[in-house]
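The values are calculated or read from the model by the stated rules, or taken from the named source; none is laboratory data. Keep in mind that this is a model prediction, so the values were computed, not measured. Positions of Cβ are backbone-derived with ideal geometry, glycine not excepted, and every protein chain shown enters the neighbour counts. Areas reflect the complete protein model, heavy atoms only, side chains present, ligands, DNA and RNA absent. Shrake-Rupley method; radii C 1.70, N 1.55, O 1.52, S 1.80 Å.
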Amino acid sequence: MTTPGFTEVFISFGLVLVAILISRYWRIPVAKDMALGSVRAFAQLVAVGYALKFIFDLESPWLILLALLIMITVGAHAAAGRVKKLKGAFVITATSMLVGSLVTIGIMLAARIISFEARYIIPLGGMIIGNSMNASALTVDRISSDLRNNRLAIETALALGKPWRTASATYIRASATAGMMSMLNFMKTVGIVALPGAMTGMILAGAEPIDAILLQIIVAYMLLAAVTMTSVAAVELTIRRFFTRCHQLQHDV
């Protein structure tokens, strides 16, 4: 495979046109979204490419932290946008993503698996934050909807003297599992059903397959830890908004 340039990118845009033609033929109303999304993805990725080159050249710890903070903020905003009718959803998603992302990166730095360099922290941080974003959105949305849809059962349990955590235990476990489900499926099928991006990228770049596989294993364990911490933090932060200290279920959340 040759090193891709802008010419190859424009040629590959033909695949987008194929997708648009198929959607229009089958009257699937996504052609406009495909076109705009493709152009937006091109502009965003090119801009990020130049920004990363600038950060890599300077190697400033403050710029690295700023880049991570921007990614978390944007990701938390996107995750909060998927949550319906929950006050303070952005604070919950941002906090849970911070917990999952920074703790995971901190452990990897402390164990000297990676060094505090932009070319390591930012790409790995992007993987962690992206997965944490999805986990927080799914978890918060699931626990919110479950608590609202099962008010009668929860209030009955509370009326019988059960504490709020016991009354909502089933929904807590289901919500955390929902947030981790994508990652759990990935762990079960990685290498068999699909070859992940980190490993594929290294192989395409000419690395030995075993080296690429070892890196992918580290990335998979890293993402599993981040998603688990994010999901649990999201559940804890969300469910406490639904109950008072007197173990009463609030209706105005």
Within the stretch 73-87, residues loosely packed, with under 15 Cβ neighbours inside 10 Å and modelled with pLDDT under 90 come out as 84, 85, 87
Just one of 46, 103 is modelled with pLDDT of 95 or more and either closer than 29 Å to residue 136 by Cα or open to solvent by less than 40 Å² (accessible area, probe 1.4 Å) (or both); which is it?
-> 103
With respect to residue 114, is the statement that it is open to solvent by less than 70 Å² (accessible area, probe 1.4 Å), under 22 Å from residue 199 (Cβ atoms) and outside any helix (DSSP H, G or I) true?
-> yes
Give me the pairs, please: first residue somewhere in the stretch 95-114 and free of Cβ contacts under 8 Å to residues at least 24 places away in the same chain, second residue anywhere and loosely packed, with under 14 Cβ neighbours inside 10 Å, beta-carbon distance under 8 Å, and either six or more positions apart or on two chains.
-> 109/115; 109/116
Quick one: what pairs do we get from the stretch 25-51, first residue under 19 Å from residue 13 (Cα atoms) and without any contact (Cβ under 8 Å) to a residue 60 or more places away in the chain, second surrounded by 12 or more Cβ atoms within 10 Å (Cβ to Cβ) and of a type in the set (Ser, Thr, Tyr), C-beta under 8 Å, 6+ apart or different chains?
-> 30/23; 31/23; 34/23
For residue 158, state whether it is buried (at least 21 other Cβ atoms within 10 Å of the Cβ) and within 23 Å of residue 244 (Cα to Cα).
-> no
Residues located in the stretch 124-150, provided they are in contact (Cβ under 8 Å) with a residue 40 or more places away in the chain and among the polar types (S, T, N, Q) | 131, 132, 134, 136, 139, 144, 145
Within the set of pairs 6+ apart or on separate chains, which have a first residue in the stretch 196-220 that is closer than 15 Å to residue 3 by Cβ, a second that is outside any helix (DSSP H, G or I) and open to solvent by less than 70 Å² (accessible area, probe 1.4 Å), and C-beta atoms under 9 Å apart?
-> 201/207
Residue check, residue 121 against (1) free of Cβ contacts under 8 Å to residues at least 60 places away in the same chain; (2) farther than 19 Å from residue 216 by Cα, all met but one. Which one?
-> (2)
